[in-house]
Amino acid sequence: MRKISISFLILFGLCAGAYAQDASPQATPKPSDPGDVVRISTNLIQLDFSVVDAAGKTVPDLKPDEVEIYENGRRQGITSITYISGARKGIGAAAAQTSTVVSFGPARRTIALIVDNLSLSAESSANTRRALKKFVAEQMQSGDLAAIVSTAGGVNNLQRFTTDKAVLNNAIDEIKFQGNASGEEGSLAPIKPTDLEKGLAMGNDLMIAVTGQDLADERNRNRSAADYRAAIYAAGTLGSLKTIVAGMGSLEGRKSAILFSDGFKLVDRNEQGLTESGRISDLLRQLVDQAARSAVTVYTIDARGQQTDGLGAQDSVVVTKPRTTVHVAGALDPVQEDLADRRNDIQDRQAGLEQLARQTGGFATKNSNDLSYGVGKVLEDQGYYLLSYSPDAETFDSKTRKFNNLEVKISRPGATARYRSGFFNVPIGEAPATNPASLVQAANSALVTPFGSNAIGVTVNASVINSELTGTTLLRGTIHIAASDLTFVSNPDGSKKSVFELIAATFDQYGVQADHIAKSNTINVSGAKYDKILAQGFDYPFELPIKKPGTYQFRVMIRDTVSARSGTAIQILTVPGPK
C-alpha cells in the first residue's frame, strides 16, 4: 500500500478541490468590445484567439469569411469579430460589425508570471529569477500590469498585479527553491542503481536467484512511486494555476499567464509498468474551462532549458566485474534503461507543458537556455481576435454532454489559429453580490487576493517609525483616495455625502496577516471643498503596530458602499532588526 506524507495530502486537497459554477441567463448578444471579459452564457459565447502565419508572425488582417467556428463539430454563425492590436503604438477604435474585422488599438497588457515552485529545481529557480529580473528591467513597458505568482505559496503569498517595478523585484527576490517533485536540486533526477543492482554489483551471494523479472519488477515499483509523487505535485500545480486563472477573470480584456515550470506528466505508470491517466487529465480539462471563462491565455516555459539525456557528473553508475560478467536472464542493460527513462521523462514533462499551452490558446517554449527569449515571444503575441456567436440549444444540456469542444478554422493559406479547446456546459452567472454578508466577504477576499482592483484610485505612502518614547515600532503614513471614483449623494441641506469602507493589513514574508484596520467612513462636504476633493482626492492617515523585524506587504482596499466598486494598493516595507 502506498504511503504519502500529510503535507502532500493537504496540498492535493487544497489545490485540487471540487469544480462548480452557477447557471444564470444573460443579456441579449451585443457586438464585442475590447474591454469585455469573454463570456460563456446561455445565449452568447465570446472566444478570443490568435492567428499566426507559417513564420509564426501575428496575422492582424483576417477577413470575416476566412474564419469559421465549430462547436462539437458543428459550424456556428459568427455574430461579430474584432481584432485588438498588441502593438504599443497607435490607438484607434470603432464599433464591431459582421461585414468586416474591425481593428482596435492596443489593449493593456496584463501578464501573470507564474513560478511553479512545486516543480522547479534549484537550478531552474535560478534560471527563472534571471528571466523575471530581465522582464522587469528590459521587457516590461509603461502601462503593463504584471504580477509574480507562486504555485506553492497559497493565496496570501501571491503578488498583486501592479505597474510598480520595485514591488515586482521584491517578489522576485522572495523566490526560493522549495524542493521539487523529484526531491533533487538538479533539473534532472540523478541516475542511481537499484538495491538489487547494487547487490549484484557487489557479488552478494544472496543475489544468485535474482532473475530479469525481479529487476524489472523493482524498476517498475520505483518508477511508479516516482510518478505517483510527481502526480501529487502536478495536481498542486494545476489546482493553483486554476485558482490564479479564476482570479484573473475579473480583470478586463484578454490576459496572459506565463508558467515557468520543470514540467509535469499527464500519465503515470502503475507497478505493473502500464501507463494510466485520469486525475491529471481531469484537472487539466477543468483548467482549460476556467481559462476560457476568464479569457486567460496560458503560455509555458520549460525552465530546465536545454537538456542532455546522456550521463552526467550527478549520476552514479556502478560498474564492477560481477556486473559485467554475471548475465541475469531476461535483464536489459541497466545503464541504457536508465538513459531511456531519462529521455522519456524529459519528453513526457515537456508534453504536459505543450498540451496545457495548446489547449488554452498559448504556446510552449522549450530546449532554450535563454528563458527571456520565451517571455519575449509571449509579449509579441498579444494581438488577438474576439469572436462572438450564439450557442445551440443543446450547448448547456447536461444530458447531451459535459464538455463542449471548440475548433477555430482559418482558410487563409499558411495561417493557423491558437484557441482554447472548449468549456464545460455550465454558463457563468454575473450577478453581483447584494446582501451585506456577501459584500463583507467580497471585501475581505479582495484584500487577500493577489489580483487587485483599480475601479477606485488608491495609492499608499507609508514609512516605518521607531518610537523611542514607547519603545514600539509603527507603520505610519497616508492612503490617498481618488474621491472622483466614489459615489456621492445629496444630503437634505445640499451637501454631499459618500460612505466607503477601508480595510488594510500587514502580511509578513510568509503571507501571514499581522495587524489590520477595518473601518467604515463617511465624508460630508459641500461647496468649494467638494469641488476640491473631486479634483485632487484626499489623504487618509493611518497607523499600525509592527511587532517584529522582517519584510512586510502593506495592503489596502477601499470599497464604495453604494456602487460596491473597489480599489486596492500595496507597498513593500522592511523593518530592520536591532543593531
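Out of 55, 93, one residue alone is small (Gly, Ala, Ser), open to solvent by 20 Å² or more (accessible area, probe 1.4 Å) and at pLDDT below 75. It is 93.
Against the conditions (1) open to solvent by less than 40 Å² (accessible area, probe 1.4 Å); (2) in contact with a helix residue (DSSP H, G or I) (Cβ under 7 Å, 6 or more places away or on another chain); (3) without any contact (Cβ under 8 Å) to a residue 60 or more places away in the chain, residue 515 satisfies every one except (2). Taken over region 337-393, the criterion of being of a type in the set (Phe, Trp, Tyr) and closer than 30 Å to residue 72 by Cα is satisfied by 363, 384, 385, 389.
For region 318-383, the helices (runs of 4 or more DSSP H) that sit wholly inside it and include 3 or more residues that are polar (S, T, N, Q) and at pLDDT below 90 are 334-359. Which of the residues belonging to region 455-475 are part of a loop (DSSP other than H, G, I, E, B) and of a type outside the set (D, E, K, R)? 455, 456, 457, 469, 470, 471, listed by residue number. Residues that are open to solvent by less than 50 Å² (accessible area, probe 1.4 Å), assigned to a loop (DSSP other than H, G, I, E, B) and either at pLDDT 50 or above or more than 24 Å from residue 246 (Cα to Cα) (or both) do occur in region 26-38. Go through the residues of region 523-530 one by one and say whether even a single one is open to solvent by 20 Å² or more (accessible area, probe 1.4 Å) and hydrophobic (A, V, I, L, M, F, W, C). Yes, that holds for at least one residue. Here the condition is being hydroxyl-bearing (Ser, Thr, Tyr) and at pLDDT 85 or above; of 574, 551, 522, it holds for 522 alone.
Taken as a whole, the structure leaves residue 489 outside the set of residues that are in contact with a Lys or Arg (Cβ under 8 Å, 6 or more places away or on another chain) and either open to solvent by 80 Å² or more (accessible area, probe 1.4 Å) or free of Cβ contacts under 8 Å to residues at least 40 places away in the same chain (or both).
The values are calculated or read from the model by the stated rules, or taken from the named source; none is laboratory data. Values in this document were obtained by computation on a predicted structure and should not be read as measured data. Cβ sites come from the backbone with ideal geometry, for glycine too, and all protein chains shown count toward neighbours. Accessible surface areas use protein heavy atoms only, side chains included; no ligands, DNA or RNA. Shrake-Rupley method; radii C 1.70, N 1.55, O 1.52, S 1.80 Å.
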